[in-house]
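The numbers here are math on the coordinates, done by the rules we state, and not lab data. Note that the structure is a prediction, hence the values are computed from the model and not measured. FYI the Cβ positions are ideal-geometry reconstructions off the backbone, even for glycines, and counts take in every protein chain you see.
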Amino acid sequence: MAVFAERLAEVQRRMRASGAGALIVGPGDNLRYLTGWSEDGHERFLALVLPASGEPALVVPVMNAAQSRGNPAGISHVIGWADDEGWQPAVMTLLARYMSAGAALAVNEELQSVHLLGLQQAFPGSPCRTSCQLIGPLRAVKSAEEVALLRRSAAAADAVYRDTLPALGRGVSETEVQERIAALFRAHGAEEHFALVCFGANAALPHHRSGSARLAEGDIVVLDIGCRLAGYWSDITRTVAFVRPPEGAEQDYRLVREAHMAARQAARPGIPCERVDAAARGVIERAGCGPLFLHRTGHGIGISCHEEPYIVRGNDERLAPGMAFSDEPGVYREGQYGVRIESILVVTDDGAEDLNAPAPDELERVGA
């Protein structure tokens, strides 16, 4: 309970500094971060209403009131609204106490637009702002306890990856391998999981959806997998060749590995996020493959699989100890194959630490 009280108090401090009178946090990871509880309200309004000063409240459909009273943050002010009343009276009564003239209303990005529009109509004189600068930077810096949970989730992803390799046999389909990965994550107790399984030319599609393609000799295989375990996500990508690599793949793998290590070596406190991206991107650009690196170098990770900080050109946010993010450069040759290597880094007092087992120095062959 203490950790949630500290988070709520820090968000309220930031609200007062920014001129926000109240914050509305709808269902999703921000609600879970601040209260330890979240529930999908579907079309119904369900949210934390947090004043800049004073007691927070949960406004929920009456059918969710009993569950919400058990929230780990210990928020006791729970207002259940009935379908025939609507959510507006309860929320407007609360906000009328908090919203002084000119005060801004901060709104979580996960709130449904229909509810945002309703709030804007009720308080036309109050500017609405996103909550990203109130909650995002706070979530970006992990505590030692959070890093331990990320490490546990990373270990599960590493284990599932190793246990998946024997399934890469001639003629197996992407979806069959995906199903094996799902079963392995469930065996590790994962709450949620994902797997992008990409064979051959599909490996050149960074967000390929696993399908009916069957594994054949000479295919590159990209496995992008992760899970949420004890509330925290993992996310790794590994690239292997089935029996024999296609021409050029071994050189591309070494290039991506070099870029991956360059990002890791650049990551340390005080360095802008874009410098880490530039370190990885520079390696690939100097090899004449810059246009084949199709995405940012990384994304933050925690209770969301993608969150702050983003390791991308133009982001001058400076790294700080406790920040966790992916390091995932790639080279994608459309119609042929792709190579990506991804691990999770945590910024330490003097550098960065890998949470995952290292990727091989050379392109690994399986099925030989």
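Listing for the model above:
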{"quantity": "³J(HN,Hα) computed for each position of the stretch 155-171 - Karplus, 6.51 cos²θ - 1.76 cosθ + 1.60, integer Hz, glycine/proline x", "calculated": "5, 5, 5, 4, 5, 5, 4, 4, 6, 7, 4, x, 7, 7, x, 4, x"}
{"quantity": "Relative contact order [Cα under 8 Å, 6+ residues apart], the stretch 2-138, whole percent", "calculated": "26"}
{"quantity": "Cβ charges +1 (Lys, Arg) and -1 (Asp, Glu), total dipole of the chain, debye", "calculated": "440"}
{"quantity": "Relative contact order (%) - the chain, alpha-carbon pairs under 8 angstrom, separation at least six", "calculated": "14"}
{"quantity": "C-alpha long axis of helix 273-286 to longest principal axis of the chain, angle in °", "calculated": "20"}
{"quantity": "Unit charges on C-beta of K, R, D, E only; dipole of the stretch 261-368, Debye", "calculated": "360"}
{"quantity": "Most mobile of S68, S76, S304 in a GNM of the chain (Cα contacts under 10 Å)", "calculated": "S76"}
{"quantity": "GNM top mover of P206, P56, P124 - the chain, alpha-carbon springs below 10 Å", "calculated": "P124"}
{"quantity": "Nonlocal amide H pairs with R333, under 5 Å, H built at 1.01 Å", "calculated": "G338, V339"}
{"quantity": "Ascending count of other beta-carbon atoms within 10 Å, so fewest first, for M99, M92", "calculated": "M92, M99"}
{"quantity": "Cα long-axis angle, helix 249-266 against the chain (0 to 90 degrees, to the nearest 10)", "calculated": "40"}
{"quantity": "Three-way shape call for the stretch 95-227 based on the alpha-carbon gyration tensor, with the a/c threshold at 1.5", "calculated": "prolate"}
{"quantity": "FRET efficiency for R186 and R97, using Cβ-Cβ distance with R0 set to 51 Å, rounded to 0.05", "calculated": "0.65"}
{"quantity": "Beta bridge orientation in the chain: antiparallel %, DSSP, nearest 5", "calculated": "75"}
{"quantity": "Net charge of Cβ neighbours under 13 Å - reference R162; Lys, Arg +1; Asp, Glu -1", "calculated": "-1"}
{"quantity": "Options G351, P329, A249, ranked by Cα towards positive dipole end of the stretch 141-366, top entry (Cβ charges)", "calculated": "A249"}
{"quantity": "Degrees separating the helix 2-18 axis from the principal Cα axis of the chain, which is the longest one", "calculated": "70"}
{"quantity": "Net charge, Q336 excluded, C-beta distance under 13 Å - Lys, Arg +1, Asp, Glu -1", "calculated": "-3"}
{"quantity": "Calculated semi-axes √(5λ) of the Cα gyration tensor in Å (choose from (1) 42, 23, 18; (2) 32, 25, 21; (3) 58, 18, 16), label", "calculated": "(1)"}
{"quantity": "³J(HN,Hα), Karplus 6.51/-1.76/1.60, whole Hz, each residue of the stretch 108-121, x for Gly, Pro", "calculated": "5, 5, 8, 5, 5, 4, 4, 6, 4, 4, x, 5, 5, 5"}
{"quantity": "The stretch 261-368 shape via C-alpha gyration tensor axes, a/c threshold 1.5", "calculated": "prolate"}
{"quantity": "Residues in the stretch 29-60 reached by a label modelled at E110 [backbone nitrogen below 16 Å; 7 Å Cα→Cβ]", "calculated": "29-50, 58-60"}
{"quantity": "Mean separation of Cα contacts under 8 Å (6+ apart) over length of the stretch 219-368, as relative contact order %", "calculated": "30"}
